[in-house]
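The structure under discussion appears below in the form of structure tokens.
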Amino acid sequence: SKAQIEQLRQSIIEHDHQYYVLAEPKISDTQYDQLMKQLMELESQHPEFADSNSPTVRLGDQPVESLRQVEHRLPMLSIENTYSEQELRDFLNRTQKSLDDAAITWVVEWKIDGVAASLIYERGQLKTALTRGNGVFGDDITHNIRTIASLPLRLEHRDVPEYLELRGEVYMRNIDLVTLNETRVATGEAAFKNTRNVTAGTIRLLDPRIAATRNLQFFVHGIGACSALPTATHSDFLGLLERWRFPVTPDAKAVANADEVVRECDERMNRLHELDFEVDGLVVKVDRFDQRESLGQRSKSPRWLIAYKVEKYEAETQLEEINLQVGKTGAITPVASLKPVQLAGTTVSRCSLHNFDEIGRKDIRIGDWVTVEKAGKIIPHIVRVEKHRRIESLAVFETPTKCPSCSTDLVRDEGGVYLRCPADNCPDQWRQKLRYFAARDCMDIEGLGDKLIDLLVGAGLVKNYRNLYELTIEAVSALPRQGKTSAKNLIDQIAASRGRPLAQVLNAISIRHVGKRTAETLAKRFLSMEKLQSASLDEIAATPEVGEIIAQSVQSFLTSEAGLSVIFQLRESGLTMVQDVEEAGEVSDKLAGMTFVLTGALSKPRRDYESAIVAAGGRTSGSVSKKTSFVVAGEEAGSKLQQAEKLGVKVLSESDLEAMLQ
């Protein structure tokens, strides 16, 4: 019946959304296939109930005769590119000046390495999909785009504009390329080299039935022509798209200034291994649409965004072994030993596998042929296993249960992916802590390198930090290949490290989640180890850019038996562990424990207010939550003001904030 057909359609659409967009399937693949088969049979029996928006169109319709060219209502411009951090900063500063130093919120997104396309919805129906083409005319690929199960074919929300053009990227996941290549090789066809080439070829095929078998994906990342702009900012628009059930560019993050943009870009580059889709950099955009309008565009590219790209290099090689490395906080990292391969001018023979969940997710086995990628300055990582080259007898890698150094039972982080050795006396863990302690950004002990550390620890001379400061020239010079001159230089360097500032000490003592920047922030806030030790959890968490997770880690370390022992040893060894007041700058406690969110157009640059809040002991955030103390609202404040009112967060004017700061 018609009601039964409609119910099945809605059920399958819901399961498509759960699987492809939310990655939280509610039924098995077999159950899904049964639902689809039942719907196809009913539609075949009742052709009078045919609907072009039925999930069965995902299976592909009849081939088209050719790809017609269609003019874009708004040109699809290219993006200005840079591979340089300095050029990225130049762009950010230039944009700031073009807007007369008005406050700018930036959005940082992954730059998906796929094929650009636009989707046109008219009265809620997907009518047309086009490639970028030459920017003015694109190829009509609607027949293939309709096979992408993550995209809604019909929008039934009241607030959808009558004419809506969405822009984004068609792409293929690495896991789907692996599956496709296994099938192709089994049938005597050649394997595809990479996901982008497959995607580019697939969306231009005349037969959508082939496209339907390749499981293409789509991320929406922008807006084109639109009869009525539905939001004032890009970040709010992405949230609206999610409500409309679109797959949007993942992990888009709004940040407040140029330094935060660069920091976010740097952090993301270290997370490339987490992705199952290819990226070739990041895109940085102005968030507010009115500011974009003011900035305008050049002949070929808009002035309000830039692509911060990385050079990518790939090579195939064989994984010969998986070794286990113990880190300074006890984390066990699997490391791949590879058959040496040339990559970006260097020979690569090792790369981190990061964690054991990644080995399982990518199904990495010793003996596999793998694709290794190096992007920019980032260390190489394994992109995917080339399973079509796998020997069937390869064993599944077993996750270890005991520390490879001291045989202690490993524990898994609560809610995390890392396995750790909890033993305080683990030899390999201590070696790593000592290496880090001596590093330039930490205690800066020149001469205390890997080989000497192995000798000192191996001889039992340095079992803790106190032992390090008790070393004598005679003891060091008695070690193999160590003369009296080099021994004296080392002892002098160790003695000089007693005067290192608190920031370097905090960075050096291996507190989880605390690196150079966080250590500097804490040191400037508390000025001495004694004050930090006596601070409450809330006081530590209120430190700018620290937050509850890092604060909990800091306090747990400083109150633990092991942490107290470390601080006692360093103090007894003559370390001052204080931060110079002049270096730290003026610090006040008047806004301690308070979190501020700034929104809307303000009369001063937003960074000026943020700096003043931090100097007064408060912290700033880019989002409103129940834990927000105040929202400072300027003119044209949007969704953040609405969220504050909804949560009952107190709203301040600029003059209110200035009064608090005074």
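The values are calculated or read from the model by the stated rules, or taken from the named source; none is laboratory data. Here the structure is a predicted model, which means the values were calculated and not measured. Glycine gets a Cβ as well: all are built from the backbone with ideal geometry, and neighbour counts include every protein chain shown. For accessibility, only protein heavy atoms count, side chains too; no ligands or nucleic acids. Shrake-Rupley method; radii C 1.70, N 1.55, O 1.52, S 1.80 Å.
Show the residue pairs meeting these rules: Cβ distance below 6 Å; 6+ apart or different chains; first residue within region 358-384 and farther than 22 Å from Met269 by Cα; second residue polar (S, T, N, Q) and open to solvent by 10 Å² or more (accessible area, probe 1.4 Å).
Matching pairs, first to second residue: Trp369/Gln318.
So which of Leu74, Leu99 is open to solvent by 60 Å² or more (accessible area, probe 1.4 Å) and within 26 Å of Ser299 (Cβ to Cβ)?
Exactly one residue qualifies, and that residue is Leu74.
Taking Val136, is it touching a helix residue (DSSP H, G or I) at 6+ places or on another chain (Cβ under 8 Å) and open to solvent by 10 Å² or more (accessible area, probe 1.4 Å)?
No: the conditions fail for Val136.
For the list (1) within 21 Å of Phe277 (Cβ to Cβ); (2) in contact (Cβ under 8 Å) with a residue 40 or more places away in the chain, I need the number of the one condition that Glu321 fails.
The single condition Glu321 does not satisfy is (1).
Residue-by-condition table, conditions (1) buried (at least 21 other Cβ atoms within 10 Å of the Cβ); (2) on the phi < 0 side of the Ramachandran plot; (3) touching a Cys at 6+ places or on another chain (Cβ under 7 Å); (4) of a type in the set (Gly, Ala, Ser):
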residue: Thr147; (1), (2), (3), (4): yes, yes, no, no
residue: Pro161; (1), (2), (3), (4): no, yes, yes, no
residue: Arg173; (1), (2), (3), (4): no, yes, no, no
residue: Thr183; (1), (2), (3), (4): no, yes, no, no
residue: Thr187; (1), (2), (3), (4): no, yes, no, no
residue: Asn194; (1), (2), (3), (4): no, yes, no, no
residue: His221; (1), (2), (3), (4): yes, yes, no, no
residue: Ser227; (1), (2), (3), (4): no, yes, no, yes
residue: Pro230; (1), (2), (3), (4): no, yes, no, no
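Give the residues of region 569-609 that are at pLDDT below 75 and either surrounded by 21 or more Cβ atoms within 10 Å (Cβ to Cβ) or in contact with a His (Cβ under 6 Å, 6 or more places away or on another chain) (or both), sorted by residue number.
Arg606
On the basis of being within 30 Å of Asp287 (Cβ to Cβ), among the β-branched types (Val, Ile, Thr), touching a residue at least 12 places away in the same chain (Cβ under 8 Å) and not in a loop (DSSP other than H, G, I, E, B), does Thr56 make the cut?
It is false that Thr56 is within 30 Å of Asp287 (Cβ to Cβ), among the β-branched types (Val, Ile, Thr), touching a residue at least 12 places away in the same chain (Cβ under 8 Å) and not in a loop (DSSP other than H, G, I, E, B).
Could you list all residues from region 270-312 that are exposed (fewer than 14 other Cβ atoms within 10 Å of the Cβ), of a type in the set (Gly, Ala, Ser) and in a helix (DSSP H, G or I)?
Answer for region 270-312, where residues must be exposed (fewer than 14 other Cβ atoms within 10 Å of the Cβ), of a type in the set (Gly, Ala, Ser) and in a helix (DSSP H, G or I): there is none.
Quickly run through region 437-477 and pick out the residues that are loosely packed, with under 13 Cβ neighbours inside 10 Å and under 23 Å from Gln504 (Cβ atoms).
Arg440, Gly449, Asp450
Yes/no matrix, rows are residues, columns are (1) of a type in the set (Ser, Thr, Tyr); (2) modelled with pLDDT under 90; (3) under 24 Å from the mean Cα position of the chain (by Cα); (4) surrounded by 15 or more Cβ atoms within 10 Å (Cβ to Cβ):
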position	(1), (2), (3), (4)
Val341	no, no, no, yes
Gly345	no, yes, no, no
Ile359	no, no, yes, yes
Val370	no, no, yes, yes
Gly376	no, yes, yes, yes
Val385	no, no, yes, yes
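Can you name every one of the strands (runs of 3 or more DSSP E) wholly within region 321-398 that holds 3 or more residues which are touching a helix residue (DSSP H, G or I) at 6+ places or on another chain (Cβ under 8 Å)? I'd like the intermediate steps shown before the answer.
Working: elements: 332-343, 346-352, 369-375, 381-385.
In region 321-398, 369-375, 381-385 are the strands (runs of 3 or more DSSP E) which contain 3 or more residues that are touching a helix residue (DSSP H, G or I) at 6+ places or on another chain (Cβ under 8 Å).
Sort through Ala225, Ala254, Ala315 and tell me the only one that's touching a residue at least 40 places away in the same chain (Cβ under 8 Å), over 30 Å from Asp159 (Cα atoms), assigned to a strand (DSSP E or B) and of a type outside the set (Val, Ile, Thr).
Just one listed residue meets the conditions, Ala315.
Of all residues in region 16-29, which are part of a helix (DSSP H, G or I), open to solvent by less than 90 Å² (accessible area, probe 1.4 Å) and free of Cβ contacts under 8 Å to residues at least 12 places away in the same chain?
The one that is part of a helix (DSSP H, G or I), open to solvent by less than 90 Å² (accessible area, probe 1.4 Å) and free of Cβ contacts under 8 Å to residues at least 12 places away in the same chain: Gln18.
For region 485-555, which helices (runs of 4 or more DSSP H) that fit wholly inside it have 3 or more residues that are under 23 Å from the mean Cα position of the chain (by Cα) and without any contact (Cβ under 8 Å) to a residue 40 or more places away in the chain?
Of the helices (runs of 4 or more DSSP H) lying wholly inside region 485-555, those with at least 3 residues that are under 23 Å from the mean Cα position of the chain (by Cα) and without any contact (Cβ under 8 Å) to a residue 40 or more places away in the chain span 516-526.
Would you say Ile13 is within 31 Å of the chain's Cα centre (by Cα) and either free of Cβ contacts under 8 Å to residues at least 60 places away in the same chain or more than 27 Å from Asp251 (Cα to Cα) (or both)?
no
Which one of Ile332, Ile322, Ile391, Ile364 is more than 26 Å from Tyr436 (Cα to Cα), aliphatic (A, V, I, L, M) and open to solvent by less than 20 Å² (accessible area, probe 1.4 Å)?
After applying the criteria, what remains is Ile364.
Test Ala519 against the stated conditions and say whether it is buried (at least 18 other Cβ atoms within 10 Å of the Cβ), aliphatic (A, V, I, L, M), over 21 Å from Tyr436 (Cβ atoms) and modelled with pLDDT under 95.
It is false that Ala519 is buried (at least 18 other Cβ atoms within 10 Å of the Cβ), aliphatic (A, V, I, L, M), over 21 Å from Tyr436 (Cβ atoms) and modelled with pLDDT under 95.
Can you pull out every residue in region 324-354 that is touching a residue at least 24 places away in the same chain (Cβ under 8 Å), touching a Leu at 6+ places or on another chain (Cβ under 8 Å) and closer than 21 Å to Arg420 by Cβ?
Ala331, Ile332, Pro334, Ala336
Suppose we filter Ala644, Ala616 for residues that are within 27 Å of Asn93 (Cα to Cα) and open to solvent by less than 50 Å² (accessible area, probe 1.4 Å); which single one remains? Working first, answer last.
Working: Ala644 fails: within 27 Å of Asn93 (Cα to Cα).
Result: Ala616 is the single residue among Ala644, Ala616 that is within 27 Å of Asn93 (Cα to Cα) and open to solvent by less than 50 Å² (accessible area, probe 1.4 Å).
Please find, among Glu242, Glu267, the residue that is part of a helix (DSSP H, G or I), under 28 Å from Arg196 (Cα atoms) and modelled with pLDDT under 90.
One residue alone meets the criteria, Glu267.
Report whether or not Thr187 is out of contact with any strand residue (DSSP E or B) (no Cβ under 8 Å at 6 or more places or on another chain) and of a type in the set (S, T, N, Q).
yes
Filter region 39-60 for residues that are among the polar types (S, T, N, Q) and either at pLDDT below 75 or surrounded by fewer than 15 Cβ atoms within 10 Å (Cβ to Cβ) (or both) and give the result.
Listed by number, the residues that qualify are Ser44, Gln45, Ser52, Asn53.
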